[in-house]
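The values are calculated or read from the model by the stated rules, or taken from the named source; none is laboratory data. Just so it is clear, the model here is predicted, and its values are computed rather than measured. A quick note on method: Cβ atoms are made from the backbone with ideal geometry, for glycine too, and the neighbour counts reach across all protein chains shown. Note: accessible area is taken over every heavy atom of the protein model, side chains too, but ligands, DNA and RNA are not part of it. Shrake-Rupley method; radii C 1.70, N 1.55, O 1.52, S 1.80 Å.
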Amino acid sequence: MAQKGFRVVAAVIQRDGKYLITQRRETASLPLLWEFPGGRVEPGETDLDALHRELGERLGASVTIGKPVAFRRHEYEEYCVELVLYEADLDSSALEPKRVKEYRWVPAEEFSQYPFPPADRQTLDDFQLLVGQGKKKKLPQA
């Protein structure tokens, strides 16, 4: 069982039926895998604070963050990750790959063509049930 753990937040950003995904750099943990943009929540940060910071640091992006759309806890061999995906909208269209290798806009039906880390893949599977063929759907009210 994993001993240490951390929380990761990521943004689900849609434009024209496609979703923004980023590729990890060669020097990152789980190098060259793809993911929704985001990162680790640092001590003292809220999820929203972390997501704003990470998107700025990684893509030079400013976003408006909505509600959570998927959650997954995944145990890797040496650590555990709690991953939360949030709906988000870009405040501007300009993006710059600062702390990512690259970014792409991809339709949901093409996600399987990109290697994602295990926690992301499981969360992505949950998310795809909600979006169907790449169209945003509202979560049912609890």
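Laid out as a table, the results:
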| item | result |
| --- | --- |
| Apportionment of accessible area to carbon and sulfur, the range 1-73, percent (1.4 Å) | 51 |
| Charge sum, other residues only, whose C-beta stays under 13 Å from Val106's C-beta, Lys/Arg counted +1 and Asp/Glu -1 | -2 |
| Length added when fully stretched, Asp16-Arg40, from 0.36 nm per residue minus Cα-Cα | 5.9 nm |
| Inter-label distance for Glu82 and Ala28, nm, one decimal - labels placed 7 Å from Cα along Cα-to-Cβ | 2.2 |
| Positive-pole candidate from Tyr19, Leu83, Pro31, dipole of the chain, charges at beta carbon | Tyr19 |
| D (Stokes-Einstein, µm²/s), Kirkwood Cα radius, the range 78-123, 1.567 mPa s at 4 °C | 96 |
| Where Cα atoms sit under 30 Å apart: lysine pairs in the chain separated by 8 or more or lying on different chains | 21 |
| Label point 7 Å beyond Cα of Glu109 along Cβ direction - residues of the range 12-53 with amide nitrogen under 15 Å | 17-19 |
| Cut-off of 10 Å, at most 13 other beta carbons, DSSP loop: longest stretch of the chain lacking such GluC sites (Glu not before Pro) | 79-142 |
| Quotient of Cα Rg and 2.2 N^0.38 Å for the range 1-67, N being how many residues it contains | 1.18 |
| Reduced Cα scattering model of the chain, Debye log10 I(q)/I(0), q = 0.15, 0.16, 0.20 Å⁻¹ | -0.71, -0.82, -1.35 |
| Coil-residue trypsin sites (Lys or Arg not before Pro) of the range 57-103, DSSP, other Cβ within 10 Å capped at 12 | Lys98 |
| MRE, 222 nm, helices only [DSSP H, n ≥ 4, -39500 (n - 2.57), over the chain, to nearest 500] | -6000 deg cm²/dmol |
| Per principal axis, descending, Cα span of the range 51-92 in whole Å | 38, 21, 9 |
| Cβ-based net charge around Leu30, under 10 Å, with every Lys or Arg adding one and every Asp or Glu removing one | -1 |
| Cα centre as origin, Lys/Arg/Asp/Glu Cβ charges: the range 45-116 dipole, Debye | 160 |
